[in-house]
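Asks: Below you will find the structure I want to go over with you.
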Amino acid sequence: MALGVGNKDVDVKPAPVLPHHHMANTYKPKNILITGAAGFIACHVCNRIVHNYPDYKIVVLDKLDYCSNLKNLIPSRSSPNFKFIKGDIGSADLVNYILLTESIDTIMHFAAQTHVDNSFGNSFEFTKNNIYGTHVLLEACKVSGGQVKRFIHVSTDEVYGETDEDAVVGNHEASQLLPTNPYSATKAGAEMLVMAYGRSYGLPVITTRGNNVYGPNQFPEKLIPKFLLLAMKGMTLPIHGDGSNVRSYLYCEDVAEAFEIILHRGEVGHVYNIGTKKERRVIDVARDICRLFSLDPDTHVKFVENRPFNDQRYFLDDEKLKNLGWFERTTWEEGLRKTMDWYVKNPDWWGDVSGALLPHPRMLTMPGFEKYYDGTEETKNSSNVDINNSNRNKIVVPTTMNNVSPHKPSLKFLIYGGAGWIGGLLGNICEKQGIPFEYGTGRLDDRSQILVDIRTIKPTHVFNASSVTSALNLKWFEAHKPETIRAIVVSVLTLADVCREHGLPMMNYAFGGNFEDRTNSIKSFYFKTQAKVEEFLKEYENVCSLRLQLPVSSELNNPHNFITKITRSDKVANIPTTITVLDELLPISIEMAKRNCRGIWNFTNPGIVTCNEILEMYKNYVDPCFKWVNFTLEQQAHFPSPSTNEMDASKLKKEFPMLLPVKDSLIKHVFEPKNKSLGY
């Protein structure tokens, strides 16, 4: 059966006919809360239940993370038994309020961080979402006084850990949990809480553990949609390791049917595996997708660095679920073809997903503006939005997810300062990421020349790196005040104003500080002008100001590089400071542009590092014979205190939790690559 969605069809199969001997104890919910239903698996479950059971009321709670999309719920939006609430399961007040006001008697808990790659660098977010979020839900159920009759917790096959390659029988529901990565560890931890609340408080809990799921509406950080989108563009498919890892794949509608059956027939206190015994190597999946697009796997498959630990195999025993009447309906060939057809018809469903198509994606969140389907806009300025309070037929969708014309690139950058160090590095990053860009040629203090650049290049974003320098001659700025005003004040504000008039977001790189000259303070003319510009830019809602400090990169021969400067100095002041590791942070600035970030940001790595610590790394990784001399403590006393040089990067760290502390970033992005290039 298909539900019409504009020009798109979404398959929704009728409710399964259960064997007669299962019917006597069928559970019938009234008001179901489904968490995370704007995501992949849960949207198929939600749409199915809304359609098949019009007498059930379905309430969806979803915070709309980067891998969620309200368009996934289009089949349900017009149904009178459907309600969407934007919010976080980590908000106890909100969860308690929903359970009370919506008379929730059933919870199907899908909301979670699920991408293993992200968990290796962002594990705290996984603990927060997967464990703490689950705990909030369980506690709300406990205090509701027996109101909730079913709590279905959605877990993963990865909690079992790696299955032996020669195992004939899969992991059954009583098998030991041996998670091997931060993601599966947090899911196992959540399961322990679910089990404890079931035993201690008598909560009516059911847990599911599923194999990999694929199909329409899946965010392309996952293997199959990523490979499909890459193959559609004729690009190579990146495979972690040697591609021998084995996985079992279930089509999304078969999984939705499994949840439908577990909802009605699952026994309280039990665990159910949702799996298939049909396994495939990752390399074979890539080859099958290449064949769908008539691509040669030998030339369109490439092997990339494996992730820190990549389980070889997950194998489940699914007999227990089959005893409830479920079975796999969709063959691999049929499901893959359906999935391919959907992505071919909806290539821009997620907007710009270039970051997700990388071999090791680092997707986080996608803040910005939101848009109703009738075209009106709303800024994301509240944490919880009940779209039904204002208009039952409106659903909020992030602007970044709107369809993009296939005849126009979704991104095109205009970069000023291309002849400089940072502007040049930005261009190199754009080339590597496949982002179209051009360097601006107009003078920034001449409005007409900027207009020519914009009208000719037609950018989506403007980057200004023209006024960034790491070698400040404060005496020169003091002696050339008109030139300083024109370069730092007039140019930046003119560019910001022209960009605002044309609706263009502007990323502005500015210098944050320099402790090498003791006159570096707000009293110096240079920093007075910088402070004024920053104050004025606050009035431009289209500008994102990035404060750099003592930028460094792996180009250790570049004279602008702070590391190069101190390694060539006769004496070094061993003063702690914060720095900007460009190899890590410049790609983040591009991601910030995609996310529509605005305002002022301290654009440095978290924490502080001393010059001696940097030079010690240089000695260990680059030149074992390197030696240096420090200023005496008496001489060093003339330099600014450490507090003058530390910039708080907590705002940036909150937006990008995987941002490395300064010392770790220096090793990973600067010294280790240099060490390898030297052949050590």
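The values are calculated or read from the model by the stated rules, or taken from the named source; none is laboratory data. Owing to the predicted nature of the structure, the values given are computational and were not obtained by experimental measurement. We place every Cβ from the backbone using ideal geometry, glycine too, and count neighbours over all the protein chains shown. Note: areas computed on protein heavy atoms with side chains; ligands, DNA, RNA excluded. Shrake-Rupley method; radii C 1.70, N 1.55, O 1.52, S 1.80 Å.
Asks: With +1 on each Lys and Arg Cβ and -1 on each Asp and Glu Cβ, how big is the dipole of the range 410-465 about its Cα centre, in debye rounded to the nearest 20?
Replies: The dipole of the range 410-465 has a size of about 140 debye.
Asks: Right, something else. Would you tell me the accessible area of E613, worked out with a 1.4 angstrom probe on the heavy atoms of the protein chains, in Å² to the nearest 10?
Replies: Only protein atoms counted, so the area is about 70 Å².
Asks: Can you pull the one-decimal nm distance between simple spin-label points at V246 and K619, each 7 Å off the Cα toward Cβ?
Replies: 5.2
Asks: Strictly over 18 Å apart at the Cα level, which of K619/K663; K71/K233; K412/K458; K30/K83; K63/K651; K30/K149 would you flag in this model?
Replies: Details: K619/K663 15 Å; K71/K233 24 Å; K412/K458 8 Å; K30/K83 14 Å; K63/K651 20 Å; K30/K149 10 Å.
Check vs 18 Å cut-off fails for K71/K233; K63/K651.
Asks: Please compare each pair in K302/K668; K86/K432; K187/K320 to a cut-off of 30 Å on the Cα-Cα distance and tell me which ones are over it. List each step's numbers first, then the result.
Replies: Values: K302/K668 24 Å; K86/K432 36 Å; K187/K320 21 Å.
Where the Cα-Cα span goes over 30 Å, the pairs concerned are K86/K432.
Asks: Sticking with this structure for a sec: Within straight cross-link reach of K565, meaning Cα distance under 18 Å, which aspartates and glutamates are found once same-chain residues fewer than 8 apart are removed?
Replies: The qualifying aspartates and glutamates are E516, D517, E555, D583, E613, E616, D623.
Asks: Follow-up. Extending each Cα 7 Å along its Cβ direction at R337 and E541, get the distance between those two points in nm, one decimal.
Replies: The two pseudo-label positions are separated by 5.0 nm.
Asks: Would you mind computing the Rg to Rh ratio of the range 200-265 from its alpha-carbon coordinates, Kirkwood style for Rh?
Replies: Here Rg/Rh amounts to 1.13.
Asks: With a 1.4 Å probe and all protein chains kept in place, how much accessible area does R329 have, in Å² rounded to the nearest 10?
Replies: That residue has around 110 Å² of solvent-accessible surface.
Asks: Roughly how many whole Å is it from the C-alpha centroid of the range 184-201 to that of the range 423-442?
Replies: Cα centroid to Cα centroid, the span is 49 Å.
Asks: Keeping every protein chain in place, order Y160, Y53 by accessible area at 1.4 Å, biggest value first, i.e. largest first.
Replies: From most exposed to least exposed: Y53, Y160.
Asks: State the answer as a single residue: which of N273, G215, P347 lies farthest towards the positive end of the charge dipole of the range 212-362, with beta carbon charges of +1 for Lys and Arg and -1 for Asp and Glu, about the Cα centre.
Replies: Of the options given, the answer is P347.
Asks: Relative contact order, percent, of the range 143-248 when contacts are C-alpha pairs under 8 Å separated by at least 6 residues?
Replies: Across the range 143-248, relative contact order equals 30 percent.
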